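The values are calculated or read from the model by the stated rules, or taken from the named source; none is laboratory data. As the structure is a computational prediction, the values presented were derived from the model and not from experiment. Positions of Cβ are backbone-derived with ideal geometry, glycine not excepted, and every protein chain shown enters the neighbour counts. These area figures cover heavy atoms from the full protein model, side chains too; ligands, DNA and RNA do not enter into them. Shrake-Rupley method; radii C 1.70, N 1.55, O 1.52, S 1.80 Å.
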Amino acid sequence: MSKTFQAWQASFERLRAHKAFELTVIAIIILSALLIGAKTYEETSRFQQWLLAMDVAVTVFFLVEILIRMAAEKRLRDFFRQGWNVFDFLIVTASLIPLDDSEMVLLARLLRIFRVLRLVSMIPELRLLMAALVKSIPRMGYVALLMFIIFYIYAALGSFLFAEVDDFLWGNISTAMLTLFRVATFEDWTDVMYATQELYAWSWIYYLTFIFLTAFIFLNMMIGIVLDVMQKESVQMEIESGEGEAAELHGLRHDVRALRDQLDRMEAALGPRREGSGVDRRGED
C-alpha cells in the first residue's frame with residue numbers, strides 16, 4: 001500500500017469521523033424527506049424542474065458520501081461486515097435509478113422514500129432502538145401467539161353468545177375477532193358493551209376480563225420485553241465503546257514504547273561516536 005493511498009485513506013477516515021460531516025449527512029437526509037413530501041402537493045408542480053435538480057443533487061451527495069465512507073476503511077470488506085453499511089449502500093445504489101417516464105419510475109420513487117430510514121443508521125440512539133426492536137421480535141412472538149389464543153377463545157364465545165344482538169359485529173369468529181380488536185384498542189368499546197348488556201346484563205364481565213388480559217397484561221409484557229432488550233443493548237454498546245477506548249489507549253502505549261526503543265537505539269548508536277571523539281581530543285592534547 002503506497003504512502004499516498006494511506007494519506008488519502010487517513011484523510012477520509014478523519015472526514016468520516018468529523019461531527020460536521022455527520023450533521024451534514026443528517027441534514028441532507030431530512031432535506032431528501034422534505035423533497036419527497038413536497039412532490040405530493042399539486043402546488044409544487046410548477047417547481048418540478050427545481051425539485052428534480054435538487055433530487056439529483058441529493059443523490060450525488062449520497063453517492064459521494066458512501067464512497068468516502070468506503071474509502072475510509074482500511075479494507076473494503078470491513079465496510080460490508082456491518083449491516084447498517086450494507087443497508088446504506090443498497091439504498092444509495094437503488095437511488096441511482098433515473099426518475100423519468102419509464103416503467104421503473106414508480107419503483108424509483110418508492111426506493112427514494114426509504115432514504116429517510118438512513119437517519120436510523122446515522123444516529124446511534126436510533127440504531128439502539130431498532131436493534132432492540134428487532135431482537136425482541138422473537139420473544140414478542142410468543143406473547144403474540146398467546147394473545148391470539150385468547151382472542152380466538154373470546155371471539156368464539158362472543159360469536160356464540162352475542163350473534164343475535166348484532167350479527168354484523170358477532171356473526172362469525174372472524175368478525176368477532178375484529179370486534180375484539182376494537183375493544184382492545186378502546187375504540188368506542190363501551191357502545192359494543194352497552195348493546196349486549198341490553199340483552200345480557202352480565203356481559204360486562206366478558207369485556208372487562210378480556211380488556212384486563214389483553215390491554216393490561218399482554219401489552220405490559222411486550223413493553224417489558226422491549227425494555228429488557230434495550231437495557232441489554234445499551235450495556236453491550238457501553239462495553240463495545242469501552243473496548244474501543246481501551247484498544248486506542250493500548251495503541252498509544254504501543255507507539256510510546258516504540259518511540260522509546262527507537263530513542264534508545266539512537267542513543268546507543270551515538271554513544272560510541274561521542275566516546276571516540278573524546279579519545280581523539282585527549283590524544284591531541
Give, in nm to one decimal, the length gained when the segment between Met221 and Leu51 is fully stretched (0.36 nm per residue of separation minus the Cα-Cα distance). 56.6 nm
So, with +1 on the Cβ of K and R and -1 on the Cβ of D and E, and no other charges, what is the size of the charge dipole of the range 3-122 about its Cα centre, to the nearest 20 debye? 640
Accessible surface ranking that places the most exposed of Lys3, Lys74 first, with a 1.4 angstrom probe: Lys3, Lys74
Percent of Cα-Cα pairs more than 19 Å apart in the range 150-245, please. 50
Note, ³J(HN,Hα) from phi for the range 19-30, Karplus 6.51, -1.76, 1.60, rounded to Hz, x at Gly and Pro: 5, 4, 5, 5, 5, 5, 4, 4, 4, 5, 5, 5
Taking θ as phi - 60°, what are the ³J(HN,Hα) couplings along the range 111-118 by the Karplus curve (6.51, -1.76, 1.60), each to the nearest whole Hz, with x for Gly and Pro? 5, 5, 5, 6, 5, 5, 5, 5
Set Lys and Arg Cβ to +1 and Asp and Glu Cβ to -1, take the dipole of the range 176-243 about its Cα centre, and tell me which of Val235, Leu219, Ala184 lies farthest positive. Ala184
1/(1 + (r/R0)^6) with r = Cβ-Cβ of Phe212 and Tyr41, R0 = 41 Å, i.e. FRET efficiency to nearest 0.05, evaluates to 0.35
Given a 1.4 Å probe, how much area per residue of the range 136-270 is accessible, in Å²? 67
Which whole-Hz couplings ³J(HN,Hα) result when phi for each residue of the range 59-75 is put into the Karplus expression 6.51 cos²θ - 1.76 cosθ + 1.60, θ = phi - 60°, listed in order with x for Gly and Pro? 4, 5, 4, 4, 5, 5, 5, 5, 5, 5, 5, 6, 5, 6, 7, 5, 10
Tally Lys/Arg at +1 and Asp/Glu at -1 over every other residue whose Cβ is under 15 Å from the Cβ of Trp170; what's the total? -4
Enter the per residue convex hull volume of the range 3-122, computed from alpha-carbon coordinates, in Å³ rounded to the nearest integer. 114
